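To keep things clear, I will list the structure first and then write my remarks on it.
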Amino acid sequence: MKFRAKIVDAACLNHFTRVSAMVAKLAKICTLRISPQTLNFILSDKVAGGGVSMWCELEQENFFSEFQMEGVSAENNAIYLELTSENLSRALKTAQNARALKVKLTNKHFPCLTVSIELLSVSSSSRIVTHDIPVKVIPRKLWKDLQEPTVPNSDVSIYLPVLKTMKSIVEKMRNLSSHLIIEANLSGDLNLKIETELVCVTTHFKDLGNPPLASEDASQDRDPEQMAEVRIDIRKLLQFLAGQQVNPTRAVCNIVSNKLVHFDLLHEDVSLQYFIPAFS
Amino acid sequence: PLHRVLGEAVLPFPPALAEVTLGIGCGRRVILRSYQEEEADSSVRAMVTEMSIGEEDFQQLQAQEGAAITFCLKEFRGLLSFAESANLSLSIHFDAPGRPAIFAVKDTLLDGHFVLATMSESDLHSPAPHRLVPPLQAHSTPHLDDFANDDIDSYMIAMETTVDSEGSRAGPSIPLSPGLRPPCSPGPYSEDNDAEPSTEPGTPPPKKFRSLFFGSILAPAHSPPGPSPVLAEDSEGEG
């Protein structure tokens, strides 16, 4: 099992740093899956995450000038590592003025992801910062729990409003209630509702637009005004929104009535899927 | 100036980190490395950060490869920012682990010595020189980039075998490096440690300045009246 990769482009490094910062906000402990073409940050709902799952994917060639990996075996050419997300985020943040950044899987008494940063220096010799991030190598037996979640057939699919706006609204609602209802229809309407004994508050977003229906759903004669709703834990929604520092290139919300809300985001070339189950 | 070199060097370390090891590695590179206590609950390991600086970044470096001391990072950051704010020249004098390290700051108006205690050999998980020297092979030559350190395959073979037989997620038990359990020895810092409050054996004592004094080099007419109290013995007195 081997892995080593290198980033030399400053923009790529900054982007990768932002992705890792986002992951650190979304999952304290996550799985990094390394395969020949992609890197994935995974949070599986089997792990103690309250049923939330996350699948973040990026094409390695969009970031790394060099990328070499050898998985567990030829048939299972992937590496699954469990790590504390914040360690990676912190390590990358120290690479602000880096000439080059290298990542390697190493074994220093225990398996580590070693991030090695060559800093720009005034003198002729370079300065090197090295971070050894402890990782747990996940055995093949457990890989089945860490596969890409199947995208459910949703009742409604809608584009999200500006996430910063959504976040400030949900932050205020959080003071009033621990649950929130997200509802949306195929006419571009999305509502965030809280209902307590004392007060009901609803925020309406209109004219958001809906992504084109998948072809097999085109025949579905759903009343465009009919809302699909799901009640979720407000903190989970807030955690998701807090992780989005930058407004994404594309943001879609898929609702499966009373079951699940699925956020499907694209940050430039990095895709993020986040699933929050209905509160039970 | 040294305070800037070191001020920049401590930036990558986590703000909450208590101790740091400073030493000389292969190729006469100056190394700063985070020092971690091995927790009893070692299921959560801490990230280890290391900064390697070339000899050329220092005006003067007189030390042997492998020499290293471990001291309180918080105090170190404090004195660095003091030196930075007053643009004082800084020099560091240290001896064997356990002996105090002296950080001397100076400009035309003042002359200061910060004395920090350092962890002694018996205190560290393994003797300091050994901790710093072996991994430095890869870091001191930035272009040496092969899989020399990546003996992950033997770990994987061991892991796959363990998982198949036990069906559990736990990896093979990796033998702890020798000396991982801190030895129970009270008063691990230097012998002149009489005034220290007692601490739990095996944990480093609370970090305090041993002494801090400023001697003014202004003419006597300008200095305050009365003898200056001696706050610390000079080093010759320690024998």
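The values are calculated or read from the model by the stated rules, or taken from the named source; none is laboratory data. Just so you know, these numbers come straight off a predicted model, no measurement behind them. Here Cβ is always computed from backbone atoms with ideal geometry, including for glycine, and neighbour counts include all displayed protein chains.
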> What do you reckon, is A:Glu86 more than 7 Å from every other protein chain (Cβ to nearest Cβ) and in contact (Cβ under 8 Å) with a residue 60 or more places away in the chain?
Replying inline: yes
>> Given the criterion assigned by the TED database to the domain that holds A:Gly209 and buried (at least 18 other Cβ atoms within 10 Å of the Cβ), identify the matching residue among A:Ala251, A:Ala242.
In response: A:Ala251
> Right, A:Lys102: charged (D, E, K, R) and not in a strand (DSSP E or B) or not?
Replying inline: no
> If you take the residues in the range B:28-54 that are within 9 Å of another protein chain (Cβ to nearest Cβ) and at pLDDT below 85, which one is surrounded by the fewest Cβ atoms within 10 Å (Cβ to Cβ)?
Replying inline: B:Val44
>> Can you pull out every residue in the range A:118-157 that is assigned to a strand (DSSP E or B), polar (S, T, N, Q) and touching a residue at least 40 places away in the same chain (Cβ under 8 Å)?
In response: A:Ser157
> Name the strands (runs of 3 or more DSSP E) wholly within the range A:174-280 that hold at least 2 residues that are out of contact with any Leu (no Cβ under 8 Å at 6 or more places or on another chain) and under 19 Å from A:Ile42 (Cα atoms)?
Replying inline: A:260-267
> Taking the range B:101-120 on its own, how many of its residues are farther than 18 Å from B:Gln62 by Cβ and assigned to a loop (DSSP other than H, G, I, E, B)?
Replying inline: 6
> Limited to the range B:18-77, what total is found for residues that are of a type in the set (Gly, Ala, Ser) and in a strand (DSSP E or B)?
Replying inline: 5
>> Please count how many residues of the range B:56-93 are more than 14 Å from every other protein chain (Cβ to nearest Cβ), in contact with a Ser or Thr (Cβ under 6 Å, 6 or more places away or on another chain) and of a type outside the set (A, V, I, L, M, F, W, C).
In response: 1
> If you take just the strands (runs of 3 or more DSSP E) that sit entirely in the range A:12-71, which of them hold at least 1 residues that are surrounded by fewer than 19 Cβ atoms within 10 Å (Cβ to Cβ) and aromatic (Phe, Trp, Tyr)?
Replying inline: A:66-70
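This table checks each residue for (1) in contact (Cβ under 8 Å) with a residue 60 or more places away in the chain; (2) away from every other protein chain (no Cβ under 14 Å).
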{"site": "A:Lys2", "(1), (2)": "yes, no"}
{"site": "A:Ala5", "(1), (2)": "yes, no"}
{"site": "A:Thr17", "(1), (2)": "yes, no"}
{"site": "A:Met22", "(1), (2)": "yes, yes"}
{"site": "A:Gly51", "(1), (2)": "yes, yes"}
{"site": "A:Gln60", "(1), (2)": "no, yes"}
{"site": "A:Gln68", "(1), (2)": "yes, no"}
> When the range A:103-157 is examined, which residues are found to be of a type in the set (Gly, Ala, Ser) and at the interface with another protein chain (Cβ under 9 Å from one of its Cβ atoms)?
Replying inline: A:Ser116, A:Ser121, A:Ser123, A:Ser124, A:Ser125, A:Ser126
